[in-house]
Amino acid sequence: MTTARDIMHSGATCVQETETLVDAARRMHDLDVGALPICGPDDRLHGIITDRDIVLKCLARGKDPKTMTAGELSQGKPFTISADAGTEQILHAMEEHRIRRLPVIDDHRLVGMISEADLARHLPEEKVGHFVETICATT
């Protein structure tokens, strides 16, 4: 059985809650990613920030990305999946919550992230196609 650990991007880099959005944007640029997990001082996952969040929740509202922190954009508890979860569980979680990135947790610690690109690289085309249709469908 293929598990989350098999298809995830391991070693996900966190942005700390106290870091500014400028710091988060630079890290996204350097890593060539569109999202970063937000971690607290306990090194536990507290949220996820996307490039879109920075634009819509900071810049478009006239806020200063040099002073606004990643923690200020963290909303609610992020959906996660166990590192041992199978592909059907992964797809179900991402489709049910209509999310494109899924943090992978092992022993209460963030160990990786699964993105659409990871699914495309590791799953059969028909499963990825169904996933994309579900995520992109209007409600």
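The values are calculated or read from the model by the stated rules, or taken from the named source; none is laboratory data. All values derive from a computational prediction rather than experimental measurement. Cβ placement follows ideal geometry from the backbone for every residue including glycine, while neighbour counts extend to all protein chains displayed. Accessible surface is based on the protein model in full, side chains and every heavy atom, while ligands, DNA and RNA are left aside. Shrake-Rupley method; radii C 1.70, N 1.55, O 1.52, S 1.80 Å.
Looking at region 1-37 only, could you name the residues that are buried (at least 18 other Cβ atoms within 10 Å of the Cβ), in contact with a Pro (Cβ under 8 Å, 6 or more places away or on another chain) and of a type in the set (A, V, I, L, M)?
Matches in region 1-37: Ala12, Val15, Leu21, Ala25.
Only residues that are without any contact (Cβ under 8 Å) to a residue 60 or more places away in the chain and either aromatic (Phe, Trp, Tyr) or open to solvent by 30 Å² or more (accessible area, probe 1.4 Å) (or both): list them for region 38-54, please.
Pro41, Asp42, His46, Ile48, Asp51, Arg52
Quick check: anything in region 56-79 of a type in the set (A, V, I, L, M, F, W, C) and in contact with a Pro (Cβ under 7 Å, 6 or more places away or on another chain)?
yes
What number of residues in region 86-109 are at pLDDT below 90 and hydrophobic (A, V, I, L, M, F, W, C)?
Summing the residues that are at pLDDT below 90 and hydrophobic (A, V, I, L, M, F, W, C) in region 86-109 gives 1.
Within region 94-121, work out how many residues are touching a residue at least 24 places away in the same chain (Cβ under 8 Å) and open to solvent by 90 Å² or more (accessible area, probe 1.4 Å).
Residues that pass the stated criteria total 5.
Just need a number here: residues in region 75-93 that are of a type outside the set (Val, Ile, Thr) and open to solvent by less than 30 Å² (accessible area, probe 1.4 Å).
Of the residues in that region, 6 qualify.
Mind checking which pairs have a first residue in region 55-72 that is under 15 Å from Arg27 (Cβ atoms) and of a type in the set (Gly, Ala, Ser) and a second that is open to solvent by less than 70 Å² (accessible area, probe 1.4 Å) and in a helix (DSSP H, G or I), Cβ under 8 Å, 6 or more apart or different chains?
That search, which allows pairs on different chains as well, returns Ala70/Leu21; Ala70/Asp23; Ala70/Ala24.
Name the helices (runs of 4 or more DSSP H) wholly within region 1-105 that hold at least 3 residues that are of a type outside the set (Gly, Ala, Ser) and closer than 19 Å to Ala120 by Cα?
Once the helices (runs of 4 or more DSSP H) in region 1-105 are filtered for at least 3 residues that are of a type outside the set (Gly, Ala, Ser) and closer than 19 Å to Ala120 by Cα, what remains is 4-7, 87-97.
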